[in-house]
1. Considering 157, 109, which residue is at pLDDT 95 or above, touching a strand residue (DSSP E or B) at 6+ places or on another chain (Cβ under 9 Å) and not small (Gly, Ala, Ser)?
2. Every residue in segment 55-104 that is among the small types (Gly, Ala, Ser), within 23 Å of residue 115 (Cα to Cα) and assigned to a loop (DSSP other than H, G, I, E, B), please.
3. Among the residues of segment 185-193, is any surrounded by 13 or more Cβ atoms within 10 Å (Cβ to Cβ), part of a strand (DSSP E or B) and under 17 Å from the mean Cα position of the chain (by Cα)?
4. Considering every residue within segment 31-48, establish whether at least one is closer than 26 Å to residue 232 by Cβ, in a helix (DSSP H, G or I) and more than 21 Å from the chain's Cα centre (by Cα).
5. Taking residue 136 and the conditions (1) of a type in the set (A, V, I, L, M); (2) surrounded by fewer than 19 Cβ atoms within 10 Å (Cβ to Cβ); (3) in contact with a helix residue (DSSP H, G or I) (Cβ under 9 Å, 6 or more places away or on another chain), which numbered condition does it fall short on, given that it satisfies the others?
6. Please give the number of the condition residue 118 fails out of (1) in contact with a Ser or Thr (Cβ under 8 Å, 6 or more places away or on another chain); (2) touching a residue at least 40 places away in the same chain (Cβ under 8 Å); (3) not β-branched (Val, Ile, Thr).
Amino acid sequence: MKTPIVITAFGTTTKAVDTYDYMDAKIRESFSDHEIKWSYTSKMVRNLVKKKQKIELKSTKEVLTELEDEGYNQAVVQSLHVLCGTEFHRLINETKQCRIRTSIGLPLLSSLADYSALITGIGNIFSTPGNDEAVVLVGHGTEHPVWSSYIALEYLLQKEYGSNIYVGVVEGENSCDRIVQAVKGRGIKSVLLVPFMIVAGVHFKEDLIGDSEDSWKSRFEREGIEVRAVDKGLGYYPFIVDIFIDHIKQALDAITSHQGE
């Protein structure tokens with residue numbers, strides 16, 4: 001039997017779930033002879049979807065147990081996390097609780113090649129900003145030491161597209177204030193907010209473009225800066241899915257070579 005592939009996402013309770021449908025179609029196209037299943041790491045999301053939509057989403061452990069019951073002795077688990085942060089390491093620990101042997105596909109940004117592919121492809125989302133405009137990518141954020149990846153990403157983006165590109169995080173101390181003040185100090189009049197998240201879900205709708213006084217949109221507008229926003233998550237872009245597909249291939253190669261095939 002071909003090694004099955006388990007796609008593991010945080011999950012979402014919004015219409016942004018369409019992003020997962022798009023990614024699923026692209027992944028199945030590349031691995032048509034493999035069984036593909038989905039799992040969701042957020043217990044909160046699983047419970048809310050079950051309560052509101054009557055849909056039973058499964059954890060990674062549950063899916064791996066199902067595969068074992070079906071007769072599989074190994075599986076690839078592909079993370080849809082952006083960075084190798086806290087949630088990714090929790091995923092690793094969860095797979096270790098299962099008897100089935102696993103090979104983990106790494107998150108979006110895990111190597112220099114990943115950063116290069118991202119830097120090249122992201123030009124499809126926005127054009128190089130002029131002197132009076134800025135592009136602001138906003139990620140989720142993490143307390144894990146991998147948080148420094150956001151700083152590295154900002155440096156690489158500015159090197160490629162100019163100094164009016166910033167990278168911030170929703171859950172990060174003073175991240176929004178730092179960027180608002182930097183943009184204001186440059187006399188920039190217009191900002192494009194880009195969700196640097198796989199899906200443009202709750203964080204996008206509430207924290208980025210929401211009407212509350214604490215949203216990123218509101219903070220920029222209070223300074224007289226016009227705000228536009230990209231309403232799609234990263235998972236809707238082919239070049240992003242291609243990075244994950246490469247990681248799946250690497251995980252398949254790793255488990256196959258370990259098996260001695």
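1. On the way: 109 fails: touching a strand residue (DSSP E or B) at 6+ places or on another chain (Cβ under 9 Å).
None of the other options fit; the residue is 157.
2. Matches in segment 55-104: 85 only.
3. Scanning segment 185-193 turns up at least one residue that is surrounded by 13 or more Cβ atoms within 10 Å (Cβ to Cβ), part of a strand (DSSP E or B) and under 17 Å from the mean Cα position of the chain (by Cα).
4. no
5. For residue 136, the failing item is (2).
6. (1)
The values are calculated or read from the model by the stated rules, or taken from the named source; none is laboratory data. All values derive from a computational prediction rather than experimental measurement. Methodologically, a virtual Cβ is constructed for each residue, glycine included, from the backbone with ideal geometry; neighbour enumeration extends over all protein chains shown.
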